[in-house]
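Student: Below you will find the structure I want to go over with you.
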Amino acid sequence: MNSTSGISPATTAIDAPQDLLIVLRHAPHGSSWLREGLDVALVAAAFGKRVGLLFQGDGVFALLQGQSSGPLAQKGTHPQLAMLEMYDIEHLWVSEAALAARGLPVDSLMLPVTSLEASRIARLMHSHPHTLIF
Amino acid sequence: MLVHAAPYSQQGALSALRFANAVVERGHRLSTVFFYHDGVHNASALMSPPQDEVQLADGWKRLHREGGTQLLVCIAAGLRRGLVDTGEAARHGLNSHSVEPPFELTGVGQLVDAMLENDRLITFAP
Amino acid sequence: MTLHLLNRSPQSEGVYRDLREAFGDGDHLLLIEDGCYAALSSGRDAVAAFAGRVSVLKEDLVSRGLEGRVDGAIEVVDMQGFVDLTEIHQRSVSWF
Amino acid sequence: MAINTARVLNVEGRSVALDPEGYLVSLDDWSPAVAEALAADDDRQLTAEHWEVIEVLRDFYRRFEAAPAMRPLVKAVRQALGEEKGNSLYLMRLFPESPAKVAARLAGLPKPTNCL
């Protein structure tokens, strides 16, 4: 099943491999993995590389609405996600199973993403020449 | 090669060095080691492990000396964690530094370039 | 064809689950560091999905006292074998 | 505060601490008068055109909590001020050397990490 919202399917098709795929597997705030993974994505995009993001595992929590730096006074990653558009990073994929396991409906997320079932995730990885996992 | 693991905290730093040596022994060229996340601590000039333990810093420097491997340290990840060379110390008004050649502070852009220019990238994580 | 490196024990179920999603035809898994605990017969379930396409790094087994306990379906490789795998597979990713 | 003060700029009777590269030590110190003083310190004169871009930068920072690299800066300027100004030539002319760095300093954004 492939559900899209907001972005037209043409721009999120998995047969549109980017120069670099960044896989984000860690939740916000608890570690710097998500932040530092997004930093690599942003820098690569600033250099004119085409970058796609795959949210997998706890990385899907990055897409939750209502995040803030709040009482932690620690920068969150939600402004980085909001900024992706300014860096022309438009290919956002998410693991359907990871969302389901965490009880998150795809239309409740802060950005339009394409959710992928497992077999399509393997194909997504294969179609990209370079992948980094964070 | 991309190293995220801190020295002496996680095995990843040692695994990376052992793999690097094996790759070089096989006759491959290891163009770049890029240190990111907690891996930036591998660049500390102040590491002082006991004599009877693995000398990681010597191992990294040997790769540079014998094979010309670039030892690149992410500047943004490094600055946050206290990995600073003389140039950045001046830029930030710090009166000491912790990174010396052959380690070089550099941007993430260099990681992206290295990834696109080389035919393999192997990551060692914590 | 991708070489997947994994360094977590099978008790870290999430990372094995994510790897299963990403593991494609022709891919290979190399267990390193604490990942070598998945090479024991007790780890069979964790790596069942990759059957026949799993190796484990010998030096990590030996140092952990596991060399004689590896499940028969898993191939033991030394550091040279690790290099071989990176030569055979054009891409590699690391799971942690 | 871990950021070192190298010198102090006097703006309308207030002391504004600067780091060794002339960036604000405390981002809260920023005001339009501080921007003018930072520019004067650089031998720059701010025109209405400069101010438009500084406002775009401050808005960018408010929205995304980060200073933009050159490409997204160009995109943000294009979105706010139109095609004519949303290009790197225009920005290079306004802020010679490095628009993303120079304009970020004047706009009171954090010092770039030199990451690019």
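The values are calculated or read from the model by the stated rules, or taken from the named source; none is laboratory data. In this text, all values refer to a predicted model and were calculated from it rather than measured experimentally. Heads up, the Cβs are rebuilt from the backbone with ideal geometry, glycines too, and the neighbour counts pull from every protein chain shown. With ligands, DNA and RNA removed, areas are computed over all heavy atoms of the protein, side chains included. Shrake-Rupley method; radii C 1.70, N 1.55, O 1.52, S 1.80 Å.
Student: What number does the protein assembly as shown give for Rg over Rh if you use C-alpha atoms and the Kirkwood radius?
Tutor: Checking Rg against Rh, the ratio lands at 0.99.
Student: So, R0 is 30 Å and r is the distance between the beta-carbons of residue B:95 and residue B:66; what FRET efficiency does that work out to, to 0.05?
Tutor: Details: r = 34 Å, r/R0 = 1.14.
Once the sixth-power term is evaluated, E becomes 0.30.
Student: Follow-up. Give the long-range amide H neighbours of residue A:133: residues separated by 5 or more places, or on another chain, with amide H under 5 Å away, using H modelled in the peptide plane at 1.01 Å from N.
Tutor: Excluding prolines and chain starts, which carry no amide H, the hits are A:23, C:94.
Student: While we're here: Can you work out the Karplus-derived ³J(HN,Hα) for every residue in the range D:54-63? Use 6.51 cos²θ - 1.76 cosθ + 1.60 with θ = phi - 60°, whole Hz, and x for glycine or proline.
Tutor: Here the 3J(HN,Hα) series is 4, 5, 4, 5, 5, 5, 4, 5, 4, 6 Hz.
Student: As I understand it, the dipole of the protein assembly as shown uses +1 on the Cβ of Lys and Arg and -1 on the Cβ of Asp and Glu, about the Cα centre. Which of C:86, B:72, D:81 lies farthest toward its positive end?
Tutor: D:81
Student: Let me ask another. In nm, give the distance between the simple-model label positions of residue A:31 and residue D:92, each being 7 Å from the Cα along the Cα-to-Cβ direction.
Tutor: In this crude spin-label approximation the distance works out to 4.2 nm.
Student: In the range D:71-97, what residues drop by 40 Å² or more of accessible area when the other protein chains are put back, versus the chain on its own? Use 1.4 Å, and skip ligands and nucleic acids.
Tutor: D:71, D:72, D:75
Student: How big is the A/B interface in buried accessible area, both sides summed, 1.4 Å probe, to the nearest 100 Å²?
Tutor: Values: alone 6850 and 7260 Å², together 12820 Å².
Buried: approximately 1300 Å² between B and A.
Student: Next question. Taking chain A as a Gaussian network, Cα atoms linked when under 10 Å apart, which of A:111, A:81, A:72 shows the biggest mean-square fluctuation?
Tutor: Looking only at A:111, A:81, A:72, the largest GNM fluctuation is found for A:72.
Student: Counting only C-alpha contacts under 8 Å and six or more residues apart, can you give the relative contact order of the range C:2-95 as a whole percent?
Tutor: So the answer I get is 37 percent.
Student: Taking a cut-off of 23 Å between Cα atoms, list the lysines near residue D:85, but don't count ones fewer than 8 places away on the same chain.
Tutor: D:75, D:101
Student: Using protein heavy atoms only (no ligands, DNA or RNA), what is the total accessible area buried between A and C, 1.4 Å probe, nearest 100 Å²?
Tutor: Summing both sides, the interface buries roughly 1400 Å².
Student: Express in whole angstrom the spacing between the alpha-carbon centres of the range C:30-68 and the range A:18-76.
Tutor: The two parts, judged by their Cα centres, are 31 Å apart.
Student: Within the range B:2-124, what whole-number % of the accessible surface is contributed by carbon and sulfur, with the 1.4 Å probe and all protein chains included in the calculation?
Tutor: With neighbouring chains kept in place, the figure for the range B:2-124 is 46 percent.
Student: Now a separate question. Enumerate by residue number the GluC sites (Glu not before Pro) in the range D:23-116 meeting two conditions: DSSP loop (anything except H, G, I, E, B), and at most 10 other Cβ atoms within 10 Å of the site's Cβ.
Tutor: Sites meeting the loop and neighbour criteria: D:83, D:84, D:97.
Student: Per residue of C:6-15, what is the mean number of Cβ atoms on other protein chains within 10 angstrom of that residue's Cβ?
Tutor: 2
Student: Would you mind counting up the charge near residue B:5? Only other residues with Cβ under 11 Å from its Cβ, with Lys and Arg at +1 and Asp and Glu at -1.
Tutor: Result for the neighbourhood of residue B:5: -2.
Student: Run the simple label-point estimate for residue C:11 and residue D:55 please: 7 Å along Cα→C-beta, distance reported in nm.
Tutor: With each label point 7 Å from Cα toward Cβ, the separation is 5.9 nm.
Student: Quick one: pull the percent of accessible area on chain A belonging to carbon and sulfur, 1.4 Å probe, ligands and nucleic acids left out.
Tutor: The value for chain A is 55 percent carbon and sulfur by accessible area.
Student: How big is the charge dipole of the protein assembly as shown about its Cα centre, in debye rounded to the nearest 20, if each Lys and Arg gets +1 on its Cβ and each Asp and Glu gets -1 on its Cβ? Present the calculation step by step, with values, prior to reporting the outcome.
Tutor: On the way: 41 positive and 57 negative charges, 41 e Å.
With Lys and Arg at +1 and Asp and Glu at -1, about 200 debye.
Student: Enter the buried accessible area of the B/C pair, total of both sides, probe 1.4 Å, in Å² rounded to the nearest 100. Could you put the intermediate results ahead of the total?
Tutor: Working: alone 7260 and 5360 Å², together 11030 Å².
Protein heavy atoms only, the B-C interface buries about 1600 Å².
Student: Could you sort the residues of the range C:18-33 by number and keep only those whose accessible area is reduced by 30 Å² or more in the all-protein-chain setting relative to the chain alone, 1.4 Å probe?
Tutor: Listed in order, they are C:18, C:21, C:22, C:33.
Student: So, for chain B, what is the accessible surface per residue at a probe of 1.4 Å, expressed in square angstrom?
Tutor: 43
Student: How much of residue B:8 can a 1.4 Å solvent probe reach, expressed as accessible area in Å² and rounded to 10?
Tutor: In the full protein context, residue B:8 sits at about 100 Å².
Student: What FRET efficiency comes out for residue D:63 versus residue A:50 if R0 is 22 angstrom and r is the Cβ-Cβ distance? Round to the nearest 0.05.
Tutor: 0.40
Student: A follow-up question, please. By what distance, in whole Å, do the Cα atoms of the range C:2-95 stretch along each of the three principal axes, largest value first?
Tutor: 31, 29, 19
Student: What is the percent carbon and sulfur in the accessible area of chain C, measuring with a 1.4 Å probe over the protein chains and ignoring ligands? Walk me through the numbers on the way to the answer.
Tutor: On the way: 1770 of 3920 Å².
Reported share for carbon and sulfur atoms: 45 percent.
Student: In what sequence, highest mean first, do B:18-31, B:69-82 appear when ranked by Cβ atoms within 10 angstrom?
Tutor: B:69-82, B:18-31
Student: Continuing with the same structure: Please give the solvent-accessible surface of residue A:75 in Å², to the nearest 10, using a probe radius of 1.4 Å with every protein chain present.
Tutor: 90
Student: List the residues whose amide H sits under 5 Å from the amide H of residue A:93, counting only those 5 or more places along or on another chain, with H placed 1.01 Å from N in the peptide plane.
Tutor: Excluding prolines and chain starts, which carry no amide H, the hits are A:53, A:54, A:55, A:114.
Student: Taking the simple approach of a point 7 Å from Cα along Cα-to-Cβ for both residue D:4 and residue D:41, what is their distance in nm?
Tutor: 1.6
Student: So what are the three principal axis dimensions of chain B from its Cα atoms, in whole Å, longest to shortest?
Tutor: Largest to smallest, the principal-axis extents are 44, 38, 26 Å.
Student: Let me ask something additional. Rolling a 1.4 angstrom probe over the protein heavy atoms, how many square angstrom per residue are accessible across chain D?
Tutor: 50
Student: If you don't mind, another one. Which ³J(HN,Hα) values in Hz, rounded to whole numbers, follow from the phi angles of the range D:82-91 under the Karplus curve 6.51 cos²θ - 1.76 cosθ + 1.60, where θ = phi - 60° and Gly and Pro get x?
Tutor: Once rounded to whole Hz, the list reads x, 4, 4, 9, x, 8, 6, 4, 4, 5.
Student: Another one. Leaving out ligands and nucleic acids, note down the accessible area per residue over chain C with a 1.4 angstrom probe, in whole Å².
Tutor: 41
Student: Using heavy-atom solvent-accessible surface (probe 1.4 Å) with all chains present, what is the largest-first order of B:36, A:87?
Tutor: A:87, B:36
Student: So what does residue C:32 come to for accessible area, using a 1.4 Å probe and Å² rounded to 10?
Tutor: Accessible area of residue C:32: about 10 Å².
Student: Something else now. Can you list the residues of the range D:1-37 that have at least 10 square angstrom less accessible area with all protein chains present than in their chain by itself, probe 1.4 Å?
Tutor: Output list: D:4, D:20, D:21.
Student: I would also like to ask the following. Given charges of +1 on the Cβ of Lys and Arg and -1 on the Cβ of Asp and Glu, with all other atoms neutral, how large is the dipole of chain D about its Cα centre, in debye to the nearest 20? Please list the in-between numbers first.
Tutor: Working: 14 positive and 17 negative charges, 78 e Å.
Once rounded to the nearest 20, the dipole reads 380 debye.
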